[in-house]
Amino acid sequence: MGLYSIVSGAGFVLMLWGYGLARPSENIYTPPDWGVHANMGLMLLALIMLMVAYGPRGYIKQFVKHPMLLAVILWSAGHLMANGEMNAVILFGSFLAFAIIDRIAVSGRDIPVKKVTIIGDIYAVIVGVAVYFLLAKYLHEMMFGVPVMAAM
């Protein structure tokens, strides 16, 4: 599993690196004016869902069943609303298609019910909101070279 994680992480880094190298790219479409704002809202939900996926089991995780896939769907759909460049459409569109197909594929699987507490939900919301603000204020520009508020 460790080797798989290393290879997956390297693949993800290479995708992001290639995305950055393809910048600037031609516009395939002009995103709507409200796309940046929609993306910011969807990113908050995506980061909370990401924390739901890897945090203690709460009621949200029991209801959503596959919060990581939902987080990828929200992240990629939001970024497609805010970016119309070819490299963005390829990257975020690929992730969106993969996550939707994967969500359909796992829809019939039973997930064992474990002990559920509200602590998991509280953890997910607090940590998700904290990561959202860190990402928006500092990390997005540092990691990806684009300030969150640049398109506004």
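The values are calculated or read from the model by the stated rules, or taken from the named source; none is laboratory data. Note that this is a predicted model, so its numbers are computed, not measured. Every residue, glycine as well, gets a Cβ built from its backbone with ideal geometry; the counts of neighbours run over all protein chains shown.
Can we say Ala88 is crowded, with 16+ Cβ neighbours inside 10 Å, touching a His at 6+ places or on another chain (Cβ under 9 Å) and without any contact (Cβ under 8 Å) to a residue 60 or more places away in the chain?
No, not satisfied.
Among the residues of segment 24-36, count how many are touching a helix residue (DSSP H, G or I) at 6+ places or on another chain (Cβ under 7 Å) and surrounded by 13 or more Cβ atoms within 10 Å (Cβ to Cβ).
Qualifying residue count for the region: 5.
For residues in segment 96-126 being of a type in the set (Asp, Glu) and assigned to a helix (DSSP H, G or I), which is nearest to Trp75 (Cα to Cα)? Spell out how you get there, then give the answer.
Residues of segment 96-126 of a type in the set (Asp, Glu): 102, 110, 121.
With the extra rule that they be assigned to a helix (DSSP H, G or I), the set shrinks to 102, 121.
On the way: Asp102: 15, Asp121: 20 Å.
Filtering first and then ranking leaves Asp102.
Counting only residues that are in contact (Cβ under 8 Å) with a residue 40 or more places away in the chain, in a helix (DSSP H, G or I) and not polar (S, T, N, Q), how many does segment 38-56 have? I'd like the intermediate steps shown before the answer.
Of segment 38-56, the ones in contact (Cβ under 8 Å) with a residue 40 or more places away in the chain are 38-40, 43-44, 47-52, 55-56.
Those still in the list that are in a helix (DSSP H, G or I) too: 38-40, 43-44, 47-52.
Those left that are additionally not polar (S, T, N, Q): 38, 40, 43-44, 47-52.
Residues meeting the conditions: 10.
Does Tyr132 satisfy the condition of being touching a helix residue (DSSP H, G or I) at 6+ places or on another chain (Cβ under 9 Å), under 29 Å from Ser25 (Cα atoms), of a type outside the set (A, V, I, L, M, F, W, C) and in a helix (DSSP H, G or I)? Break it down stepwise before answering.
Details: touching a helix residue (DSSP H, G or I) at 6+ places or on another chain (Cβ under 9 Å): yes; under 29 Å from Ser25 (Cα atoms): yes; of a type outside the set (A, V, I, L, M, F, W, C): yes; in a helix (DSSP H, G or I): yes.
Spelling it out, Tyr132 is indeed touching a helix residue (DSSP H, G or I) at 6+ places or on another chain (Cβ under 9 Å), under 29 Å from Ser25 (Cα atoms), of a type outside the set (A, V, I, L, M, F, W, C) and in a helix (DSSP H, G or I).
Residues in segment 12-46 that are of a type in the set (Gly, Ala, Ser) and modelled with pLDDT of 90 or more: how many? Lay out the reasoning, then the answer.
Here is the first cut: in segment 12-46, the ones of a type in the set (Gly, Ala, Ser) are 18, 20, 22, 25, 35, 38, 41, 46.
Next, from what is left, pick out any that are modelled with pLDDT of 90 or more: 35, 38, 41, 46.
Count: 4.
Does Val89 meet the test of being in contact with a helix residue (DSSP H, G or I) (Cβ under 8 Å, 6 or more places away or on another chain), within 17 Å of Tyr19 (Cα to Cα) and not in a helix (DSSP H, G or I)?
no
If we keep just the residues of segment 107-141 that are of a type in the set (Ser, Thr, Tyr) and farther than 13 Å from Ile60 by Cβ, which is surrounded by the fewest Cβ atoms within 10 Å (Cβ to Cβ)? Please lay out each step first, then the result.
The first filter runs over segment 107-141 and keeps only residues of a type in the set (Ser, Thr, Tyr), leaving 107, 117, 123, 132, 138.
After this cut, where a residue has to be farther than 13 Å from Ile60 by Cβ as well, the list is 107, 132, 138.
Numbers: Ser107: 9, Tyr132: 19, Tyr138: 12.
Going through the qualifying residues, I end up with Ser107.
Are any of the residues in segment 72-80 of a type in the set (Phe, Trp, Tyr) and outside any helix (DSSP H, G or I)? Quick ask: steps written out before the conclusion?
Initial filter on segment 72-80 (of a type in the set (Phe, Trp, Tyr)): 75.
Filter again for outside any helix (DSSP H, G or I), leaving none.
No.
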